[in-house]
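Engineer: Provided herewith is a single structure, encoded as structure tokens, for subsequent inquiry.
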Amino acid sequence: MAKAGKILLSLFYFKEKPKSVFAQINNSIFAKTRINFRLNHPSMENHQFRPESLMMSYGYKPELSEGAIKCPIFQTSTFVFKNAEAGKRFFEVAYGLSEQRPGEEQGLIYSRLNNPDLEVLENRLTLWDGAEACAVFSSGMSAISTVLLEFLKPGDFVLFSAPVYGGTDHFIKHVLPQWGIESASFDANDSEAAIAAIIEAKGQKKLGLIYVETPANPTNALIDLKMCKRIADKFSAPDKPVYLAVDNTYMGPLWSHPLKHGADLVMYSATKYIGGHSDVIAGAVLGNNALMTRIKTMRTFMGNMMSPWTGWLLLRSLETLKPRMELQAQNAIKVAEFLREHPKVEKVYYLGFLEEGTEQYAIYRHQYHSPGAMLSFDIVGGEKEAFTFLNNLKLIKLAVSLGSTESLAEHPATMTHADVSQVEKDKLGISEKLVRISVGVEYYEDLIFDIERALSVV
């Protein structure tokens, strides 16, 4: 195509001199327009569009891609330079060897650094959380591990909330110690003073990062983010700030926005609600430009960049994110209410059932817009009864993961949290009778029928 080179080169330009090849990613044309995006029409000049309205168009110009209504898949590892002089110039600017000239466009170099599909995706994701920048990854765990490795060094310790996703728990307890990084945990029952005492006992100068997953997986316990931010600020030093990183996977980008409650970084397994169809593995991290430049630098060297094809699939999923999640939340209310009244269910762990006047309810009202679509329950009995229930589900699938269109059920104690010590499981309520359900978009009466029939066999 005669315009191919021009199209690729026109996708990005930089107004300021990037400090490095990694800084350029934050200065792309897509990052220059935020949520105050305006349509080119006089009557809409003062109208501010909501994220769900911008998911179909934000950050993409059809005229730069032969008029295609949707962003094409840029399935390429590298990008062709018009000539040697152009290639030389791209690297001079990318590595900060030369200042960018006024009006000069910066071209693409290599997909491990940036790619049009991923740039569009990253900037659309910033709209939900109100973040300055985003980095997408090949998996949720690659996003988590990159954050932990970037902000911790030998001799540090990470303070984390418990319980967390089983993979995160394993990485913190078994992988980080190989690099001389220790850990300490707290849970929703610990007070601010108790958490501060944990830090002082470990050595406050060694605190490198506070890592929180809220609601907790799989108990739905809530952690007060403003409290965590106060603790982070208390133990920060001018030469060693303590950042607060929050895994927001359970609530997706719709029902909670941790950056607005003091978090420095918010992370997602984009496999879950963002992807929402059980057909991709992906992750994302969002925050301010300075922190995200560090994360993107680490991502480049770790090589855990998302593929263009996965990025394109997520762009497609973002268009239906809000209606999917809203329907899932509506279904979850019906399922939770049914379970609460069933004689073979001891207790339902669901945010919509938190009692007014409790600390957990106060956190919920402050931090969340919905009780979400994740719930767990204790079945009367133990592992045998839980397995009987799971083995007799038909519509709901017995599988790990969450946030997809189909409903899923699993047994945390022997599956997602199998590697967590028995002492921790007992302390946190991850018992043999606990079952976790991710509610999908099916008709709620069919979900209830399936659950009722499976319980009848127990």
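Engineer: Applying the selection to region 289-326, what residues are surrounded by fewer than 18 Cβ atoms within 10 Å (Cβ to Cβ) and either within 30 Å of Asp446 (Cβ to Cβ) or of a type in the set (D, E, K, R) (or both)?
Structural biologist: Matches in region 289-326: Arg294, Arg316, Glu319, Thr320, Pro323, Glu326.
Engineer: When you check His277 against the structure, is it out of contact with any Lys or Arg (no Cβ under 8 Å at 6 or more places or on another chain), in contact (Cβ under 8 Å) with a residue 24 or more places away in the chain, outside the structural domain of Ile437 (by TED's automatic domain parsing) and surrounded by fewer than 17 Cβ atoms within 10 Å (Cβ to Cβ), yes or no?
Structural biologist: Yes; evaluated as a whole, the condition is true for this residue.
Engineer: Please count how many residues of region 407-430 are buried (at least 16 other Cβ atoms within 10 Å of the Cβ) and not in a helix (DSSP H, G or I).
Structural biologist: 10
Engineer: Hey, can you tell me all the residues within region 220-266 that are of a type in the set (Asp, Glu) and over 18 Å from Ser370 (Cα atoms)?
Structural biologist: Asp233, Asp239, Asp264 - these are the residues of region 220-266 that are of a type in the set (Asp, Glu) and over 18 Å from Ser370 (Cα atoms).
Engineer: Something else now. Within region 207-225, identify whether any single residue is in a helix (DSSP H, G or I), of a type outside the set (Ser, Thr, Tyr) and surrounded by 21 or more Cβ atoms within 10 Å (Cβ to Cβ), and answer yes or no.
Structural biologist: yes
Conditions (1) more than 19 Å from the chain's Cα centre (by Cα); (2) at pLDDT below 95; (3) under 26 Å from Thr414 (Cα atoms); (4) small (Gly, Ala, Ser), marked per residue:
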{"position": "Glu326", "(1), (2), (3), (4)": "no, no, no, no"}
{"position": "Gln330", "(1), (2), (3), (4)": "yes, no, no, no"}
{"position": "Phe338", "(1), (2), (3), (4)": "yes, no, yes, no"}
{"position": "Val348", "(1), (2), (3), (4)": "yes, no, yes, no"}
{"position": "Thr358", "(1), (2), (3), (4)": "yes, no, no, no"}
{"position": "Arg365", "(1), (2), (3), (4)": "yes, no, no, no"}
{"position": "Gly382", "(1), (2), (3), (4)": "yes, no, yes, yes"}
{"position": "Lys394", "(1), (2), (3), (4)": "yes, no, yes, no"}
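Engineer: Starting from region 373-386, take each residue that is in contact (Cβ under 8 Å) with a residue 24 or more places away in the chain and list its partners that are part of a strand (DSSP E or B) and among the polar types (S, T, N, Q), counting only C-beta distances under 6 angstrom and pairs at least six apart or across chains.
Structural biologist: Pairs that qualify, where the first residue is in contact (Cβ under 8 Å) with a residue 24 or more places away in the chain and the partner is part of a strand (DSSP E or B) and among the polar types (S, T, N, Q), are Met374/Ser438.
Engineer: Return the only residue of Leu127, Leu121 being touching a Pro at 6+ places or on another chain (Cβ under 9 Å), in a helix (DSSP H, G or I) and buried (at least 23 other Cβ atoms within 10 Å of the Cβ).
Structural biologist: One residue alone meets the criteria, Leu127.
The values are calculated or read from the model by the stated rules, or taken from the named source; none is laboratory data. None of these values were measured; they are calculated from a predicted model. Here the Cβ is made from the backbone with ideal geometry for all residues, glycine too, and neighbour counts use every protein chain on show.
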